[in-house]
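Peer 1: The structure that follows is given in the form of structure tokens.
The values are calculated or read from the model by the stated rules, or taken from the named source; none is laboratory data. This one's a predicted model, so the numbers in the text were calculated from it and none came from an experiment. Note that each Cβ is placed from the backbone with ideal geometry, even for glycine, and that neighbours are counted across all protein chains shown. We work out accessible area using only protein heavy atoms, side chains counted, and drop any ligands, DNA or RNA first. Shrake-Rupley method; radii C 1.70, N 1.55, O 1.52, S 1.80 Å.
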Amino acid sequence: MEPIIKIQHLNKEFKLKETDVHALSDVSLDIYKGDIYGIIGMSGAGKSTLVRCLNFLERPTSGKVIVDGKDLAELSEKQLREARKNIGMIFQHFNLLMQRSVIDNVCFPMEIAGLKKKEAREKAMEYLKIVGLEEKAYAYPAQLSGGQKQRVAIARVLASDPTILLCDEATSALDPQTTKSILQLLKEINQKYGITIVVITHEMAVVQEICSHVAIIDHGKLAEHGTVEQIFQAPKSKEAKKLIYQGYEKVALMKGKRCVRIVFSENSSFEPVIANMVLAFKTPVNILYANTKDLDGVATGEMILQLPEDDVLGDKMIAYLKNTKLTVEELEDYVG
């Protein structure tokens, strides 16, 4: 199966006065139809430049972006406008027309496409129903909460019948509860309409909530990519580890400095593995961090444990944990 988006050796440079800024360097990625694909990185990593290259709002300096089998660089301006109709985009700050009512905002792309007003309004009400906002049809953006504005922006994008939806930090202006509801809505849209979604974010929690695959961008380069499960369980690159471990607090309560990160999979996060190990070795361990998540309906979790000072005992504990089919990774310099 051919990818719906194929990025090949993509480079993007900006000229700033005397300096050349390399925003993207040799990025190659395949995104398949129906995926929810996360692109994550710290601020300034180049992820927003990458998403803007996917619809040629930014023209790459070199490399290829192939969407639905078409090399965007080879299209005329008219063909590019046609191709962009299949690529919807939602932004951090909603970009609604403040002087238009909610229903008129949703009608806007249909008006541009030449749809009759009556038909456009009927369709707009359908899209507002999908995002759960039909009762706000005649309100104005200023009367809506942040989450409601983003729902209107999603309804407006759906009005163009896109096959691809690009979300550039679409939830970073929202509180955690609203973020969760918007991500759930995106997941429903993906499942119901088969729309391929690309999510640009700096938050690993967003990726873990809805994405099937993830690419990690660091200083314009592709640091690591794969399924969310693979990268969450065993991050290889320094940048992936930084993003997954962000928010961990460094605590030192025991003498030993040896720490391990363990990742539960399937339903093992509900099994008393650590308690059983402590009973088996009659030695305490220090839990520095623990978290349980639902990844695609599967209970998963992770912990950081500080092991006893005795190396032999620590080795035995690591072997014990590995025997219970947990992913175990030793952390260097975790405890100061």
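Peer 1: Kindly provide the set of residues from segment 129-145 that are crowded, with 17+ Cβ neighbours inside 10 Å and in a helix (DSSP H, G or I), ordered by number.
Peer 2: If the condition is that a residue be crowded, with 17+ Cβ neighbours inside 10 Å and in a helix (DSSP H, G or I), then I130, K136, P141 are the ones that fit.
Peer 1: Going by what's in this entry, would E126 be described as among the acidic types (D, E), more than 26 Å from D35 (Cβ to Cβ) and either under 18 Å from the mean Cα position of the chain (by Cα) or part of a helix (DSSP H, G or I) (or both)?
Peer 2: no
Peer 1: Search segment 301-316 for residues that are under 15 Å from I262 (Cα atoms) and pair each with any residue that is among the hydroxyl-bearing types (S, T, Y) and open to solvent by 80 Å² or more (accessible area, probe 1.4 Å) when their beta-carbon atoms are under 6 Å apart and the residues are at least 6 apart or on different chains.
Peer 2: Taking only residues 6 or more apart or on different chains, the pairs are G301/T292.
Peer 1: Kindly provide the set of residues from segment 172-182 that are without any contact (Cβ under 8 Å) to a residue 60 or more places away in the chain and open to solvent by 10 Å² or more (accessible area, probe 1.4 Å), ordered by number.
Peer 2: Result: L174, D175, P176, Q177, T178, T179, K180, S181.
Peer 1: Within segment 304-327, which residues are within 15 Å of L288 (Cα to Cα) and surrounded by fewer than 21 Cβ atoms within 10 Å (Cβ to Cβ)?
Peer 2: Matches in segment 304-327: P308 only.
Peer 1: Hey, does segment 149-164 have a residue that's in contact (Cβ under 8 Å) with a residue 40 or more places away in the chain and assigned to a strand (DSSP E or B)?
Peer 2: Within segment 149-164, one or more residues are in contact (Cβ under 8 Å) with a residue 40 or more places away in the chain and assigned to a strand (DSSP E or B).
Peer 1: Here are G34, G38, G44, G63: which of them is in a strand (DSSP E or B) and either surrounded by fewer than 16 Cβ atoms within 10 Å (Cβ to Cβ) or under 22 Å from the mean Cα position of the chain (by Cα) (or both)?
Peer 2: G38 is the lone residue from the list that is in a strand (DSSP E or B) and either surrounded by fewer than 16 Cβ atoms within 10 Å (Cβ to Cβ) or under 22 Å from the mean Cα position of the chain (by Cα) (or both).
Peer 1: For the condition at pLDDT 90 or above, small (G, A, S) and closer than 30 Å to K118 by Cβ, what is the one hit in S101, S62, S76, S25?
Peer 2: On inspection, the qualifying residue turns out to be S101.
Peer 1: Something else about it: If you scan segment 66-85, which residues turn out to be open to solvent by less than 10 Å² (accessible area, probe 1.4 Å) and closer than 19 Å to D30 by Cβ?
Peer 2: L72
Peer 1: Right, A124: aliphatic (A, V, I, L, M), surrounded by fewer than 17 Cβ atoms within 10 Å (Cβ to Cβ) and more than 14 Å from L96 (Cα to Cα) or not?
Peer 2: Working: aliphatic (A, V, I, L, M): yes; surrounded by fewer than 17 Cβ atoms within 10 Å (Cβ to Cβ): no; more than 14 Å from L96 (Cα to Cα): yes.
In short, no.
Peer 1: What is the one condition in (1) out of contact with any Ser or Thr (no Cβ under 8 Å at 6 or more places or on another chain); (2) in contact (Cβ under 8 Å) with a residue 24 or more places away in the chain; (3) surrounded by 16 or more Cβ atoms within 10 Å (Cβ to Cβ) that E58 does not satisfy?
Peer 2: Evaluating E58 over (1) out of contact with any Ser or Thr (no Cβ under 8 Å at 6 or more places or on another chain); (2) in contact (Cβ under 8 Å) with a residue 24 or more places away in the chain; (3) surrounded by 16 or more Cβ atoms within 10 Å (Cβ to Cβ) leaves (1) as the failure.
Peer 1: Here is a follow-up. Within segment 42-53, can one find any residue that is touching a residue at least 40 places away in the same chain (Cβ under 8 Å) and more than 26 Å from G220 (Cβ to Cβ)?
Peer 2: no
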